[in-house]
Amino acid sequence: MTIDAAITCSSPRVAIIGAGNVGSTLAQRIIEKNLADVVLLDVVAGRPQGIALDLLEARGIEHHDRQIVGTLDYADTAHANIVVITAGLPRRPGISRDDLAQTNAQIVMEATQRAIAYSPNAILIVVTNPLDVMTYLAWQVSGLPAHRVMGMAGVLDSARFQTFIALELGLSITDIHAMVLGSHGDLMVPLPRYTTVRGIPISDLLEPAVIERLVERTRNGGAEIVNLMQTGGAYYAPAASVCQMIEAILLNRPRLLPIAAYLEGEYGLQDVFLGVPCRLGCHGVAQILELDLQAGELAALQGAAQAVREQLDRVQAMLAALASTRR
């Protein structure tokens, strides 16, 4: 009995635009968790091809048959179920997420347009910083409905808060559930009331001063790693965060996750991407959950949204000025 070589079975496909540390680590997680085939694209000749070959050669050890292709050509990313944008300059010591905005805006917009041209039915996940602004710009140029565009933010920030609480209490991290909303930056909004240890609010277990210290460390979690590494930023935890989102989408395993989603009246906010709890599934953002926030929490969330809008306005003005000089 022979198998007709023309008969093929389609597999889920994830296109990762940017083969830096986050992109390559994400590719490894996706294929080794057997979630999807991966196309890894970069502008540096040889890098995505070399990473792809290296990961292919590990398949016999990791026991999976997922395919991974490295490429410089967007045409090779066609028909992806999910497109992940990690392309852009990384953070370095002394450089804030805001400092990256002008350069990364052009990179993200071009990468999004070119990738979505080949995968118009894809769900788009943005990782490039400053994340909330980059997600908005990617949504604008993609032409996709808002529920199919999202940024990875709150998953990572919540994981950091969760880690610091576990270290403080000396407990297994599996007992701790954290919730962080707002922008992915200094104005993120960790919510101790919605952060629990086996259902017990951390306010019952930790003094207010300790909680505030952990909140501040969470806000500066990315900068702390940048300052330690000197030559780049975090990538293991960001890649794990995106992978959790991809798993929920591809396996249609509805998860309530804090992600950067487009708001149309939720929390009194309009026309902004911001970290909020969402029900994520196979079609993207299925629902935005509105928590019953206290006045101070809501004010902090709205302050974060205002800062994102102001930064977006500056970036859009810069892009318009740049376009006018090229005419």
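The values are calculated or read from the model by the stated rules, or taken from the named source; none is laboratory data. All values reported here derive from a predicted model rather than from experimental measurement. Using ideal geometry, Cβ is built from the backbone for each residue, glycine included, and neighbour counts are taken over all protein chains shown.
Points to keep in mind about this one:
- Criterion violated by Arg160 - all others in (1) assigned to a helix (DSSP H, G or I); (2) assigned by TED's automatic domain parsing to the domain that holds Ile82; (3) buried (at least 21 other Cβ atoms within 10 Å of the Cβ) satisfied: (2)
- Residue check, Ala122 of a type in the set (A, V, I, L, M), in contact (Cβ under 8 Å) with a residue 24 or more places away in the chain, in contact with a Lys or Arg (Cβ under 8 Å, 6 or more places away or on another chain) and farther than 20 Å from Val276 by Cα: yes
- There is at least one residue in segment 253-267 that is hydrophobic (A, V, I, L, M, F, W, C), closer than 28 Å to Val83 by Cβ and free of Cβ contacts under 8 Å to residues at least 40 places away in the same chain.
- Checking each residue in segment 289-327 for being among the charged types (D, E, K, R) and over 26 Å from the mean Cα position of the chain (by Cα) picks out Arg326, Arg327.
Residue-wise test of (1) closer than 20 Å to Ser241 by Cα; (2) in the same structural domain as Asn252 (by TED's automatic domain parsing); (3) of a type in the set (Val, Ile, Thr); (4) out of contact with any Leu (no Cβ under 7 Å at 6 or more places or on another chain).
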| position | (1), (2), (3), (4) |
| --- | --- |
| Glu32 | yes, no, no, yes |
| Ala36 | yes, no, no, no |
| Asp54 | no, no, no, yes |
| Asp65 | no, no, no, yes |
| Thr77 | no, no, yes, no |
| Asn81 | yes, no, no, no |
| Ala101 | no, no, no, yes |
| Gln113 | no, no, no, yes |
| Tyr118 | no, no, no, yes |
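- Considering Thr128, Thr112, Thr103, the condition of being assigned to a loop (DSSP other than H, G, I, E, B) and not aromatic (Phe, Trp, Tyr) is satisfied by Thr128 alone.
- Every residue from segment 176-199 that is in contact with a Lys or Arg (Cβ under 9 Å, 6 or more places away or on another chain), aliphatic (A, V, I, L, M) and surrounded by fewer than 24 Cβ atoms within 10 Å (Cβ to Cβ): Ile176, Met179, Leu187
- Screening the candidates Leu167, Leu206 for the property of being surrounded by fewer than 24 Cβ atoms within 10 Å (Cβ to Cβ) and either part of a loop (DSSP other than H, G, I, E, B) or touching a Phe, Trp or Tyr at 6+ places or on another chain (Cβ under 6 Å) (or both) yields one hit, Leu206.
- Yes/no for Thr218 being under 20 Å from Gln302 (Cβ atoms) and part of a helix (DSSP H, G or I): yes
- Restricting attention to segment 76-90, the residues being in contact with a Phe, Trp or Tyr (Cβ under 7 Å, 6 or more places away or on another chain) and assigned to a loop (DSSP other than H, G, I, E, B) number 1.
- Residue count, segment 51-72 (criterion: assigned to a helix (DSSP H, G or I) and surrounded by 15 or more Cβ atoms within 10 Å (Cβ to Cβ)): 5
- Residue match in segment 138-154 (condition: in contact with a helix residue (DSSP H, G or I) (Cβ under 9 Å, 6 or more places away or on another chain), of a type outside the set (Val, Ile, Thr), in a loop (DSSP other than H, G, I, E, B) and closer than 30 Å to Leu206 by Cβ): yes
- Residues of segment 114-150 classified as farther than 30 Å from Ala223 by Cβ and among the charged types (D, E, K, R), total: 2
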